[in-house]
Structure formats: structure tokens, C-alpha cells
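Inspection log for the structure reproduced underneath, given as C-alpha cells.
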Amino acid sequence: MKLSNMFKKTDRKNYITIHTSEKKGKPEVPEGLLKKCNACKAAIVTEDVQNNDYICPKCHNYFRVHARRRVEMIADEGSFEEWDADLIAGNPLSFPGYEEKIQSLQEKTNLKEAVVTGKARIDGQDVVIGVCDGRFMMASMGWAVGEKIARAVERATKERLPVILFACSGGARMQEGIVSLMQMAKTSAALKKHSDAGLLYISVLTNPTTGGVTASFGMLGDITLAEPKALIGFAGPRVIEQTIGQKLPEGFQKSEFLLEHGFIDRIVEREEMKDVLSSILSMHQTGTGVESWKQEVCRETEEEKRAPYKGLTSWERVQISRKKERPVGSDYIRTMFTDFIEFHGDRYFKDDKAIVGGIAKFHGIPVTVIAQEKGTSTKDNILHNFGMPSPDGYRKALRLMKQAEKFHRPVICFVDTPGAFCGLEAEERGQGEAIARNIYEMSGLKTPVISIVIGEGGSGGALAMATADEVWMLENSIYSILSPEGFASILWKDSKRAKEAAGVMKLTANHLKSMEIVEQVIAEPEDFTTANLHEVTDRLDKNLKKFICEYMEMDTSALVEKRYQRFRRM
């Protein structure tokens, strides 16, 4: 459907500020030809803005997009079927002038209310869509908006379809008072039923998303995306400044601020929004897809389960596990998986870069992959805190695992940490509780979990990512109660005896395999670096197929009981 057919010229006039020359003697610029960017102040040809996804071609500032144009931008052509188009609100408080205001906006926008809902396809995948339109009372949520969203979500639940909601709102609609407030509960409850049915909800936050919409459907996505520099918050900046009597810092409540503080998964440029949504939807198709692996897996031998243990001392293996040239978690993700989409944040405080995680495909099968990440340079080491997660990192990992459980995706963890971060802020935010919670929840996770120790497996910081159905270790990785230096310092009051401690701690892969703490040891090449990483990932690839094939077909109660008995025997 052409843009001109989707909304009237008067809509564009209402939505785009028109600037004409008023200087005497100059010809007047034709109405609607130009627009002024409110960021860089440049005069721009309106058609150029429309053809550029409503982004300023000079400074990349995002203009707001009305609902039907948004649908056109993300849905397959001609696939959108609008629902409840004529649903309108009453006037529950008999608020003076409210009905007249609604009628005026209906005429100006060619909308009956502030949200458009319906069913569409994105790259051939069926989805229910809701898009808020800021032209209509700043897309504030009154009864009609809440009702349309709730009905759309209920119908999606009945038809077992994913939901995508684009939020753009000033919050609750004051003219409807308490009735507006109740829409927060209504929409949230509808999404809870949708979630309990095991269905996907993607929330996309655009500029601005505030108030009751933020505090309800806006922040409840299984996956939460945001456009760049979007204002997102509960209380508006002006209200906060008036309350605290201080000027807010630059960038406060912008989407970049929320990403840093762990509340959204990813910032997505408008040009790539459809592709990102399509990729996420494809990761959540029903069916495991492992059936095609069965014959191939059955033909494979058990040869790679045995690692050629070389004549190295325990301390030498400790040193090898810590080598700077050794591949890190992100190297395995790039090498072994395709279509990786990284998700961020713990939804409480922060995005901890010591944990990298998201969804990917392993030979076409959707998986959740999570890695403790050390980094490969001094700058990277500092950015990732040398692979020592804070509580926020463990909570992010657990959030991704629970998401995997909901959609019955296998969880693949790469363990590589000297230990959980020891620091004032880590203790203030509950490091012990975060580790305990991960171990507790992973023990009962109703989806397969495999953990692979690729370097250092230090203490509870490693166990919080290794309470799994099986644990594998690379030949020269280590897994221990704490570092040899710490062990020697505590028991012998002399950290210089670390080499001696490594010899008695039984922390190497061959020791742990003989003690039945781990299931497999994966052979490594000499001088192991990213250059010969494929020698390890080829072995992992083969064995991982077997693991997924076996465990994905297991009854969930049997799966959880088997995992419990694994630790019960230790």
C-alpha cells in the first residue's frame, strides 16, 4: 500500500512542521515542501525525510513516526489486517471538553484512538502488532488504548502468535482519571497470560515512553528494544527536576542510559528494525529441529571423549589456562554459532560486560549462549573486568536462562573467570545472593544446560554458570575452589606456595574427569590461540550436537531429576 493511500495529506501537515519564507519580495516556499530539524535546525526537504525512514539526512535525528507509517515500515506489503479500528472511549469523569478534543483529533489524524493494532507478517512470519501514535493526545493510555492492546494480546494468545508493541506515550490519560490507571493492570495481566502460554512478546520503546506505559506494557517484554536517544522513564525530566531541585545530567533517561543500567536488551537503528525483528521472530519458531541430526549423531564415534593428557604439571596447566593469547568466550560464540543477537542488562541495575549473552543458531537450531568474557587486550580486559562478574552479570545470565526455559531453548555456557568480582559495590548489590540464586534456579531449569570450562573456572563465580546437566573442560583449563594463590594464602599463609598448592588441589581437567566432577575433556592443540581455535570448536561442535539431540528429547521432569542426581552423587 502506498504512503499516500495510508494517510491523508492533512495528516502529514499535522505531523511535520511547515516552514515558509515570510521575507518580502521572496517567493513563498510551497506548503509542505520543507521541514526544519529540531536538532540541527537545518531546513530539509520533507520528501527526503519520508524516504529516509523519518530520519534527518544531515544529523541523523529521529523524527516521530505515526502509527500507520510505522506499520508500513516493518510489515510485509499488504499483510496488515487492522483490528478494533472503530473502538473509542467514553468520558468516565464527564471531563469538560474531553469529547470535543477527541473528536477534533480524530478529524486531524484520521485515527479513532491513540493506538493501531492488528495482525501482520514480517518476512512471512505472522505477528500481532500494536503501534502507539504520538499525535493523538501524546498517545496517552486511556480506556480505549488499554482495551485495544488487551484485546490484541488476548487474540494473540488464542492464535498462539508473538506480539510486538511499539510504545510512544506521555503515560496515563489524565482526563480519564482512575479508569486510565487501571489500564496498566489490564494490559500487564493480558501479557502475563500470553507469557504463561509460552509466547513471545517484543517491546519496542520509541521517543518518548514515559509514565504508566513505561510502568506497564512498555517494560514487560521478553525482549526489549529501543530506538536511539529515545526518552524513556517513569517520571518525566521536568517533574524530576522540580522534585529534587537539581538539573539532570546530559543523557539521563535516554535509551543509551537505560542500556548501560541494564533495562533494555538492545538499541536498534530504525533502518535495521525490520531485520532485527525478523531475526528474533525466526529464533522463536516452534519445534526443536533436532530430528534431522539423529542419524548423523548416531553414526559418530565416541573417539573425541578421550583427551590425550600430556605430561604437564598442574601448575603448568594453570599458567596455560591464563595465557593472554588463549581464545575467550566471544571467540567461541563467533566461531560456533550464527545469527548471534546479544542481549543486555539484568533489569535491576546494570549491564555487566563480564557476561556476554543472547540468542543464536547452532546448525539452524535456536540456542541461548552465555559466556564469561575476559577480553583480548588491556582495554578489553578493563571493559570486561577481567572476566570477573558482578551481581548484575549473574542476574543477566539468569534472566537469559529463564527466557531460554520459557521457549525451551538449550543453554550453552562458556565458563572462564578467576572468580566473582570482590569489591564494595559487589557486596552492596548482593554478590553472594546473586551466585546462590543462579545455582538454585539452574538446578531446576526446565531446559537442557551445558557448561564448558574454556579457561579458568574459579570458585562460586564459575559454579554460578556451571550448575548444568553436563560440564566439559578443555584439556588445559582448570576448575577449583579458588585460585592456587588464594588456597596457599589461606591454608599455608604464604601465597608464594601457589605452585605447590596447584599440585594438591586436583584442579586440572584429567583430575576432575577421574573424580566424575566433569563429563568430558576436550583435547587442545599446542600453542592454543584463535588461529587454531577451529581444532577445538570442531570437536565441541560434534559433541554438542549429541548433547542437544539427547537432552532436548528428554521429558522435563526427567531432565531436572537427572541433573539433581548428578550433583547428589558428588
Proximal aspartates and glutamates to K324, defined as alpha-carbon separation beneath 14 angstrom and excluding residues fewer than eight positions away on the same chain: E373, D380, D416, E456, D527
Förster radius 41 Å - calculated FRET efficiency between D494 and K41, Cβ distance, rounded to 0.05: 0.05
Karplus 3J(HN,Hα) series, Hz, for region 219-225 with 6.51 cos²θ - 1.76 cosθ + 1.60 (x for Gly, Pro): 10, 10, x, 4, 10, 10, 10
5 angstrom amide H check on G457, placed H, neighbours 5+ away: T417, I478, Y479, S480
MRE, 222 nm, helices only [DSSP H, n ≥ 4, -39500 (n - 2.57), over the chain, to nearest 500]: -11500 deg cm²/dmol
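Could you compute the FRET efficiency for E535 and I481, with r as their C-beta to C-beta distance and R0 at 22 Å, rounded to 0.05?
0.15
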Distance cut-off 22 Å, percentage of C-alpha pairs in region 436-570 lying past it: 45
Proximal aspartates and glutamates relative to K35, as straight alpha-carbon distance under 16 Å, when same-chain residues fewer than 8 apart are discounted: D11, E22, E47, D48, D53
Likely footprinting exposure, R563, R568, fewest C-beta neighbours within 10 Å first: R568, R563
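Could you give the length gained by full extension between E553 and T313, i.e. 0.36 nm per residue of separation minus their alpha carbon distance, to one decimal place?
Separation in residues times 0.36 nm, less the Cα-Cα distance, equals 82.4 nm.
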Cβ-based exposure ranking for K499, K374, in which fewest neighbours within 10 Å come first: K499, K374
Tensor-based shape of region 186-270 (alpha-carbon gyration tensor, a/c under 1.5 rounded, otherwise prolate or oblate): oblate
Relative contact order (%) - the chain, alpha-carbon pairs under 8 angstrom, separation at least six: 9
Region 226-281: trypsin sites (Lys or Arg not before Pro) falling in loop per DSSP and having at most 11 other Cβ within 10 Å: K247
In sequence order, calculated HN-Hα J values of region 436-446 (Karplus, 6.51, -1.76, 1.60; Hz; x Gly/Pro): 4, 5, 4, 4, 4, 6, 5, 4, x, 5, 8
20 °C / 1.002 mPa s Stokes-Einstein diffusion coefficient of the chain, Kirkwood radius on C-alpha pairs, µm²/s: 82
Calculated from backbone phi, Karplus (6.51, -1.76, 1.60) coupling profile of region 262-276 in Hz, x at Gly/Pro: x, 9, 10, 7, 6, 9, 10, 5, 4, 5, 9, 4, 4, 5, 5
Contact order normalised by residue count of region 64-283, Cα under 8 Å, 6+ apart, percent: 16
Loop-located GluC sites (Glu not before Pro) in region 515-570 whose Cβ has at most 11 other Cβ within 10 Å (DSSP): E516, E526
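Rank the residues M73, M388 as a footprinting-exposure proxy: fewest other Cβ atoms within 10 Å of their Cβ go first.
So the ranking, lowest neighbour count to highest, is M73, M388.
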Where Cα atoms sit under 27 Å apart: lysine pairs in region 409-537 separated by 8 or more or lying on different chains: 4
Computed lengthening from I178 to Q103, 0.36 nm per intervening residue step minus Cα-Cα distance: 24.8 nm
Distance in nm between pseudo-label sites at I341 and S282 (7 Å out along the Cβ direction from Cα): 1.1
Region 143-233, relative contact order in percent, only Cα pairs under 8 angstrom and at least six apart counted: 33
Amide H contacts under 5 Å for S169, placed H, 5+ residues apart: T209, T210
Count, lysine Cα pairs under 21 Å in region 64-283, 8 or more residues apart or across chains: 21
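All of the numbers you see were taken from the coordinates with simple rules; none came from a lab. Since the structure is predicted, the reported quantities are computational estimates derived from the model, not experimental observations. A quick note on method: Cβ atoms are made from the backbone with ideal geometry, for glycine too, and the neighbour counts reach across all protein chains shown.
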